[in-house]
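The values are calculated or read from the model by the stated rules, or taken from the named source; none is laboratory data. All values derive from a computational prediction rather than experimental measurement. A quick note on method: Cβ atoms are made from the backbone with ideal geometry, for glycine too, and the neighbour counts reach across all protein chains shown.
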Amino acid sequence: MTSTDVISQFQRYVIGNYTRYPVCLSRGEGSQVWDIEGNRYLDFFPGWGCGLLGHCPPRVVKAVQDQVAKLIHVPNTWYTESQGALGEALSTRTTFDGRAFFCNSGAEANEAAIKLARLNGRGSGSNGGDRYKIITMLNSFHGRTMGALSATAQPKYHAGVGPMLPGFNYAPFGDLDAVSQAVDAETIGIMVEPIQGEGGVNLPPEGYLEGLRELCDRYKLLLIFDEVQTGMGRTGKWFTHQHWNVKPDIITLAKAVGGGVAVGGLLARPEVAEKLKPGTHAATFGGNPIACAAALATIETIDQDGLLKRATHVGEQFAARFNALAEKSHLIREVRVKGAMIGVELATDGAPVVAECLKRKLLINATHQTVIRLLPALNITDAEINEGCDIIDEVVLAMK
């Protein structure tokens, strides 16, 4: 089949709820992918952040191949060795003694966190009532399912599917006073991305995450970090909150956990996690043997290949290139970088930059309309970084 054939088939049989570029990708290796016609592309946004190790990382491929020949799926009414091993591997790499729940995506992980927070809030009010409200931040993104969508404080995602679920109060990201004012007698938690991804790669102001921890301690709230996009070494630490040494009560994970295979989940402090009793929540495919094998291979790769340190280097390389570009182009307003999480704020719409880069066989992303967002693989080479940045330089400098 040709790309045209595939696109025609999609138009006939697949719902058009995604804006797709007219390219049919057929194989990938590292930070490079090829379409059906054999054209090669450099990928600075592999898997929308899921491709932390690039395309088809060898250890993950081997682990999945071995596992699929032994056991594909069993329900969570039985024990499997790999699920327990993954729970330990994740828990021992964070800042607290967490207990794991596994699902399949970031939205599912955040739904589980919302439910777990509310379970912890039952009967905990000053008069024995329930506390169920959660404070989330403007420009946040927590997922597309109704609970996670209600937590997402971006009206554009709510359009046409309201009303949203009750129980969420919104505050500006970075504004501790606004968060404090949003707390009431029915509040049970604060849910925040340590770095906002979909909202524009927004880094927290100094003292902000520490201040949220203090507010939670003061009002006996749960601090929930949505690390779906920032976790698994993306920013140079296993989990981004470790940069600020702030201990959460719950963290949610997905995207990069399985090296491209669908894995989601959360980690919660034992006294919080215990409220998730049999019958309160479940995920049929959560923690399945293939997903857990892929995740364990991902962790092994990050450890053995020194990719936490590499993430810091990758960030430094991109920051140097984009800061140099900013000195030559008035279109660059700000460069925001934390490890391999890169945002370039433009003074114009980012969509034409994405489209022009695609013509030159470079895959990038624009979010929040004006922010070029890159989530490159941690093992991207310096040569690939320079190749792609040369293309972005040419595109931006050609724009008026």
Just give me the residues in the stretch 128-148 being surrounded by 18 or more Cβ atoms within 10 Å (Cβ to Cβ), farther than 18 Å from G106 by Cα and not aliphatic (A, V, I, L, M), in sequence order. R131, Y132, K133
Report, ordered by the first and then the second residue, all pairs with beta carbons closer than 6 Å, sequence separation of six or more or different chains, a first member in the stretch 265-283 that is outside any strand (DSSP E or B), and a second member that is surrounded by fewer than 19 Cβ atoms within 10 Å (Cβ to Cβ) and at pLDDT below 95. R269/F96
State all residues of the stretch 276-305 that are within 21 Å of the chain's Cα centre (by Cα) and surrounded by fewer than 19 Cβ atoms within 10 Å (Cβ to Cβ); if no residue qualifies, say none. F285, E300, D303
Would a scan of the stretch 276-294 turn up a residue that is of a type in the set (K, R), at pLDDT 95 or above and over 19 Å from R99 (Cβ atoms)? no
Looking only at the stretch 195-244, count how many residues are outside any helix (DSSP H, G or I), among the polar types (S, T, N, Q) and either modelled with pLDDT under 95 or buried (at least 23 other Cβ atoms within 10 Å of the Cβ) (or both). 4
Scan the stretch 123-137 for residues that are over 17 Å from the mean Cα position of the chain (by Cα) and in contact (Cβ under 8 Å) with a residue 24 or more places away in the chain and report the count. 10
From the list G197, G174, which residue is within 27 Å of Q242 (Cα to Cα), touching a residue at least 40 places away in the same chain (Cβ under 8 Å) and touching a helix residue (DSSP H, G or I) at 6+ places or on another chain (Cβ under 8 Å)? G197
Please give the helices (runs of 4 or more DSSP H) falling wholly within the stretch 70-158 in which 3 or more residues are assigned by TED's automatic domain parsing to the domain that holds D226 and not small (G, A, S). 81-91, 106-121, 155-158
Spot the failing condition for L42; the list is (1) surrounded by 15 or more Cβ atoms within 10 Å (Cβ to Cβ); (2) in the same structural domain as G197 (by TED's automatic domain parsing), and only one is missed. (2)
Within the stretch 177-194, how many residues turn out to be in contact with a helix residue (DSSP H, G or I) (Cβ under 7 Å, 6 or more places away or on another chain) and assigned to a loop (DSSP other than H, G, I, E, B)? 2
Among the candidates R360, R373, which residue alone is modelled with pLDDT of 95 or more, charged (D, E, K, R) and crowded, with 19+ Cβ neighbours inside 10 Å? R373
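For every residue, the table says whether it meets (1) at pLDDT 95 or above; (2) under 25 Å from the mean Cα position of the chain (by Cα); (3) assigned to a loop (DSSP other than H, G, I, E, B).
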| position | (1), (2), (3) |
| --- | --- |
| V6 | yes, no, no |
| R12 | yes, no, no |
| G16 | yes, yes, yes |
| T19 | no, yes, yes |
| S26 | yes, yes, no |
Go through (1) aliphatic (A, V, I, L, M); (2) farther than 21 Å from A268 by Cα; (3) surrounded by 22 or more Cβ atoms within 10 Å (Cβ to Cβ) one by one and return the number of the condition A151 breaks. (2)
